[in-house]
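The next block holds one structure in the form of structure tokens; read it before the comments.
Nothing in this text is a laboratory measurement; each read-out follows from the coordinates by a stated rule. If you're wondering where the values come from, they're calculated on a predicted model, not measured in any experiment. When we count neighbours, we look across all protein chains shown, and the Cβ atoms used for this are built from the backbone with ideal geometry, even at glycine.
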Amino acid sequence: MMPTMLTRSVVYSLLMAAAAAPALAALGGDVTSVEADRARMKGALQTTYSANYTVHEIQMPKLVVHEYVSLSGQVFAVSWRGEGVPDLQQVLGTYYGPFRQAAAANGPHYNHHQLSVNTSDLVVVSSGHIHGYFGRAWVPGLLPQAFSLAEIN
Amino acid sequence: MRKYLGLILIPALLLTACGGGGSSSSGGGGGGGGTPPPTQTITPPGAPNVEQIYVDGFTQTLTSPAVNTPYVTLQVCVPSTSTCQTIDHIEVDTGSVGLRIISSALTITLPAVTTTGAPGGNPLAECLQFADGSSWGSVNMADVTMPISGEKAAAVNVQVIGGAAAGTVTNAECQGVPENTVQTFGANGILGIGPFTNDCDSGGSCTPNINNQAANYFECPSPSTCAATTATLQQQLENVVTMFAKDNNGSIIELPPVGSSGAATVTGSLVFGINTETDNMLASNITELQTSSLSGYLTATLNGMSYPDSYLDSGSNGNFFTDSLTVCPGGPTATTGFYCPTSTVSEDATLSSPVGNGKLAANFSVANADTLFNDNPTFTAFSNLAGTNADPNSLDLGLPFFFGVNIYTGIENGASQPFFAY
């Protein structure tokens, strides 16, 4: 069920048990999966509405994940910041296979602290050192009009 | 731009010196504000606390060279025995903590670390996330000796990556591009000497947070039944430096400068301890920058923009930051992610502490990566290699920045913050 339109952020605090990370909506997937995921979450969800897109912020114990959803209801970008890296197979969804293929095609890059996968259909970048990680991924063809990549943060 | 006049003569002077005191030409950087780095002296390897480090691409084993990767050779032994193995090409990384060895590079069998601390307990395993993938391995114990300096650490927890003894977990529990072989990892192992005392929780037990935190431990009653578990302080991977008898509060990486075309190979020194020997003093011309307590961040300023999630990282093979510089042409090439400006650009950055005083100049050059690699395809060290950073808030000063400047990494210690200094 889609949420009613709200003009300001809405915070839903749920149970705080440690256990498994909440299931996440996948890149390129449908926004309704965010609603299904939220029911299983053991963290906090905060939704912020902008003119061209919506940001679903999922707050887990040591990691924050953002999912950027277009007005047509499609996840066009994701990002993460915190002490680890989220499950990329889950977060990238159908783009996980292409991500792995592109990373392998780049050949060995031998840097444990930076990764850059850049194709016309998918960009995945990841960086970080002990206790501090950041990464983001987007589908160039799904970005909204007049959108700056700086907004994926 | 730093000047390197006369530096080639330095090693001859240092062979008879006790470290420090050697004179050299001015080496400070200019511009950008902040104290420039002092003149550089490199202490030659030897007892009691100086190990040799080398940058050579590990070309005898890797199918393509690991550019700008510093390595050390160390010895591991079955604890309290003389069953030992000397292993070369262990990557030296100030961006991680813990000693990890690729299983295929290890010829001796190290005892497992178990849940009860006794042979009857269940073996422990670990999944360690890096930014570019993950390493899965068993947790074992070894006595570690640095062969040239003689520094010793007993009963160190070591992650042995990729062996059958590690058991298995689902992809969801240890996700990411696997880096469990020498070829995918780029080294026979890694010695993480970052500014923290262990790889998960310095203050106590490591509670599992799968896909939330980078280090997670598992208990494996059998190889196919590994399950996430809380690791005690005694079971987590320690910072090996903290386990030396004396020089155990930090380290210094001392690498000579590298010219604008690069170098075939580079050798330098890894000095253990800060303010513990005559060769590792924090002299008055060294500026200490305390990092944030949790994530080891410094604040960088570059071109009028602030980068609050910055750090010094010997495990990064370039200087990485978000900028409008031209990225190397797309497609699968060795230069993916690096910058390819039409002509070399000078970057004048400043580093400061988010929690303390001090300000340092951090100047570096960005050359065209394609030109560097094409002009000298056998070179393994470049001081002007730079690239994009996934995090627009971060300047990751990697090994290029270490060439020509002695970089101190100070390990957190109770009330003392982690710090970098030069």
Using modelled backbone amide H atoms (1.01 Å from N, in-plane), which distant-in-sequence or interchain residues come within less than 5 Å of B:Glu347's amide H?
-> B:Phe364, B:Ser365, B:Val366
Dividing the alpha-carbon radius of gyration of the range B:238-381 by 2.2 N^0.38 Å (N being the number of residues), what value is obtained?
-> 1.22
Taking amide H positions as placed in the peptide plane 1.01 Å from N, state which residues far from B:Asn319 in sequence (5 or more) or on other chains have amide H under 5 Å from it.
-> B:Leu385, B:Ala386, B:Gly387, B:Gly398
If you average 1/r over all unlike Cα pairs in chain B and invert the result, what Kirkwood radius do you get in angstrom?
-> 21.8 Å
Student exercise, the range A:66-153 dipole from Lys, Arg, Asp, Glu Cβ charges, in Debye to nearest 20 | 120 debye
Vicinal HN-Hα couplings computed from phi for the range B:43-57 (Karplus, 6.51 cos²θ - 1.76 cosθ + 1.60; Hz; Gly/Pro x) = 6, x, x, x, 5, x, 8, 10, 9, 8, 10, 9, 10, 9, x
Using Cα centres only, tell me the gap between the range B:31-105 and the range B:178-246 in whole Å.
-> 19 Å
Given Cα pairs under 8 Å that are at least 6 residues apart, what percent is the relative contact order of the range B:86-202?
-> 40 percent
Computed Rg/Rh for the range B:27-132 (Cα atoms; Rh = Kirkwood radius) stands at 1.07
By the gyration tensor of its Cα atoms, with a ≥ b ≥ c the square roots of the eigenvalues, what is the shape of the protein assembly as shown: rounded for a/c under 1.5, prolate for a/b over b/c, or oblate?
-> oblate
Go ahead and estimate [θ] at 222 nm for the protein assembly as shown from helices alone: -39,500 (n - 2.57) per DSSP H run with n ≥ 4, summed, over the residue count, rounded to 500.
-> -1500 deg cm²/dmol
If you look at just the Cα atoms of the range A:98-153, how large are its Rg and its Dmax in Å?
-> 12.6, 36
Per residue Cα convex hull volume for the range B:50-243, in cubic angstrom?
-> 112 Å³
Proximal aspartates and glutamates relative to B:Lys246, as straight alpha-carbon distance under 13 Å, when same-chain residues fewer than 8 apart are discounted = B:Glu151, B:Glu277
